[in-house]
Structures are given as C-alpha cells and as structure tokens.
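Asks: Attaching a single structure in structure tokens format; questions to follow.
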C-alpha cells in the first residue's frame, strides 16, 4: 500500500484508529471454541463489525505463532480476508523481527510476500543491516520500534548516552535516513507523551504507530497535541479494550461500539486539523 492511500483512507473515514487483533485462544468467547478455526471466526466477526471505524488492523503474531502450524493458518486466513474484503485497510504484522541481513531478508519475504502484510514491526537495535532488507520491497513499510509503551522501556531505551540523549533518541537519529517517510514508520508508545515533541523534532514527517490507548491508559488528546502533523502522521492502536469488550455472543457488536467511540473522538480532532491546517506536504 502506498502511503498516500493510507492518508486518503484516514481522511475519508475521519479516523486514524488501528485495531490490534491480539486474539488469545484463552480469552475469546467460549462458544467459538466449537468452530473449526476459533481464532479466525473471532477475527472475521471483529473485522466485519469494526472495519468502517478503523484504517488498520495490527496482527500480534505471537498469539498465532504460539498455536503452532494452525496458528499460522489462522493468521494467513485473517490477512487474506482483510485483503480480499477490505483492501483499503492497512495491515501490520506486529512481529518485532530483527536479525542479520540474510535472516532479515527471509523475515521480510515471509511477511510481505508469503503472508501479504503491508507492513511489519522491526527491532532496529542490531543496526541498519537488520532493517534495510525490509526496505527493498515496493509499497511495503518497515515500522521500527522507537520508544515502546511497556514499563521495561526504562531499562534500556530511556537510559542516557554520553551526549545526554536517551538511547532511543540516538537510535531514531541514526535510523531516520535508512529509508524515508514512505517506507518507514516508528512505534512510539502512547503512554510516553512527554517525549513525543522531541521525537517530532527529529522525524517531523514520518508516521508514528502509537499503541497504548485504552487498556494501557494512554490519553488520545494528549498524544495528538504533540504527534499530529500536516499529513495526520499517526496511527493509534487499541486492542484489548475493543476486541474483548464482551465475552458472549455480543462480542462483535460490543467491539464495534468501542471502536466507534474512539473513531468519534478522532473525528473531532481531525476536524480541527484538516480544516485549519495548510495543504499536506507531498
């Protein structure tokens, strides 16, 4: 998917919501366990009920890989379903891969060519040769871990260097020229709003994937205050608070209701940005 198509979808839907399909076999409604493929049945209903409120789905691959071969089948069926029924939707493989060049090339081929995701999350801390293989695929996007939303980010990412910069800031400065705004994004946790303004000073034009709104407590208005740019520039992910809004037969409609609540908030925010800002940069 071209970045322009994603931006157009955001404007058309008045939403920058990404729904995380962190589909846990132990948390989905029990009656679905009688299905041939419970995870795909769950995902399909969530997608059918929520797609008009969101612009992306993020598949946390660990929940699928943990189920072995059948989990990979469920993941492939999920991505194929999105691509065939809702081709405008941006798909993210939340795999957090990162390895030496040849291995990264195989990971990229797996998620981009075999699984047909639009993007994949990458751990960039092994350096440029672990990221650049993902940038060789046309109209695919590498999403680098910048500043994550977990508490453990304090252990390494928020340590300071000899230049009194945080380690994550040094990583962003070093990596921003490995690609460009059209083939790279960054993960920046919504629970870390105090750092967003500084991040934007380094990468003003890149899209940010921002998890942590909802169950993790990130504040939508606070992150938008610092993260939005002329091209909107953010994708806000919410997972558990949407997909697990109900554990009975109403789970899909309950998910849609929660997605609509977030989308309505985004609509208000975008109405201020889109009608008061100058024309977006190309």
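The values are calculated or read from the model by the stated rules, or taken from the named source; none is laboratory data. Since this is a predicted model, take the numbers as computed values, not measurements. Quick reminder, even Gly has a Cβ in these numbers, built from the backbone with ideal geometry, and neighbours come from all protein chains shown.
Asks: What tally of residues in segment 64-105 results from selecting those that are more than 17 Å from the chain's Cα centre (by Cα) and assigned to a helix (DSSP H, G or I)?
Replies: Within segment 64-105, residues that are more than 17 Å from the chain's Cα centre (by Cα) and assigned to a helix (DSSP H, G or I) number 18.
Asks: May I ask you to verify whether residue 164 is within 30 Å of residue 5 (Cβ to Cβ) and loosely packed, with under 13 Cβ neighbours inside 10 Å?
Replies: On the way: within 30 Å of residue 5 (Cβ to Cβ): no; loosely packed, with under 13 Cβ neighbours inside 10 Å: yes.
Criteria not met by residue 164.
Asks: Which of the strands (runs of 3 or more DSSP E) contained wholly in segment 182-277 include at least 1 residues that are in contact (Cβ under 8 Å) with a residue 24 or more places away in the chain and surrounded by fewer than 20 Cβ atoms within 10 Å (Cβ to Cβ)? If you could, list the steps in order and put the result at the bottom.
Replies: Numbers: elements: 184-188, 207-211, 234-238.
No strands (runs of 3 or more DSSP E) qualify here.
Asks: Kindly indicate the residue of segment 41-63 that is part of a loop (DSSP other than H, G, I, E, B) and in contact with a strand residue (DSSP E or B) (Cβ under 7 Å, 6 or more places away or on another chain) and also surrounded by the fewest Cβ atoms within 10 Å (Cβ to Cβ) among those meeting that condition.
Replies: Here the answer is 53.
Asks: Determine whether residue 150 is out of contact with any helix residue (DSSP H, G or I) (no Cβ under 6 Å at 6 or more places or on another chain) and within 26 Å of residue 56 (Cβ to Cβ). Steps first, answer last, please.
Replies: Working: out of contact with any helix residue (DSSP H, G or I) (no Cβ under 6 Å at 6 or more places or on another chain): yes; within 26 Å of residue 56 (Cβ to Cβ): yes.
Judged against the criteria, residue 150 is a match.
Asks: Please go through segment 146-166 and give me each residue that is farther than 20 Å from residue 97 by Cβ and either under 22 Å from the mean Cα position of the chain (by Cα) or part of a loop (DSSP other than H, G, I, E, B) (or both), ordered by number.
Replies: If the condition is that a residue be farther than 20 Å from residue 97 by Cβ and either under 22 Å from the mean Cα position of the chain (by Cα) or part of a loop (DSSP other than H, G, I, E, B) (or both), then 151, 154, 158, 159, 161, 162, 163, 164, 165 are the ones that fit.
Asks: Using beta carbons and a limit of 9 Å, which pairs, at least six apart or on different chains, have the first residue in segment 4-15 and on the phi < 0 side of the Ramachandran plot and surrounded by fewer than 18 Cβ atoms within 10 Å (Cβ to Cβ) and the second one at pLDDT below 95 and in a helix (DSSP H, G or I)?
Replies: Partner pairs satisfying both residue conditions: 11/270; 11/274.
Asks: Conditions first: (1) in contact (Cβ under 8 Å) with a residue 24 or more places away in the chain; (2) in contact with a helix residue (DSSP H, G or I) (Cβ under 7 Å, 6 or more places away or on another chain); (3) over 24 Å from residue 9 (Cβ atoms). Residue 81 passes all but one, so which condition is the exception?
Replies: In the conditions (1) in contact (Cβ under 8 Å) with a residue 24 or more places away in the chain; (2) in contact with a helix residue (DSSP H, G or I) (Cβ under 7 Å, 6 or more places away or on another chain); (3) over 24 Å from residue 9 (Cβ atoms), residue 81 misses (3) alone.
Asks: Based on this model, can you work out whether residue 169 counts as in a strand (DSSP E or B), at pLDDT 90 or above and at negative phi? Please lay out each step first, then the result.
Replies: Numbers: in a strand (DSSP E or B): no; at pLDDT 90 or above: yes; at negative phi: yes.
No.
Asks: Right, another one. Scan segment 147-181 for residues that are touching a residue at least 60 places away in the same chain (Cβ under 8 Å) and over 21 Å from residue 130 (Cβ atoms) and report the count.
Replies: Selection size over segment 147-181: 1.
Asks: May I pose another question? Consider segment 76-104. How many of its residues are buried (at least 21 other Cβ atoms within 10 Å of the Cβ) and at pLDDT below 95?
Replies: Of the residues in segment 76-104, 0 are buried (at least 21 other Cβ atoms within 10 Å of the Cβ) and at pLDDT below 95.
Asks: List the pairs whose first member sits in segment 125-138 and is over 20 Å from residue 92 (Cβ atoms), whose second member is part of a helix (DSSP H, G or I), and whose Cβ atoms are under 7 Å apart, counting only residues at least 6 apart or on separate chains?
Replies: 129/101
Asks: Taking segment 111-138 as the region of interest, how many residues are surrounded by fewer than 22 Cβ atoms within 10 Å (Cβ to Cβ) and either out of contact with any helix residue (DSSP H, G or I) (no Cβ under 9 Å at 6 or more places or on another chain) or part of a strand (DSSP E or B) (or both)?
Replies: Count: 2.
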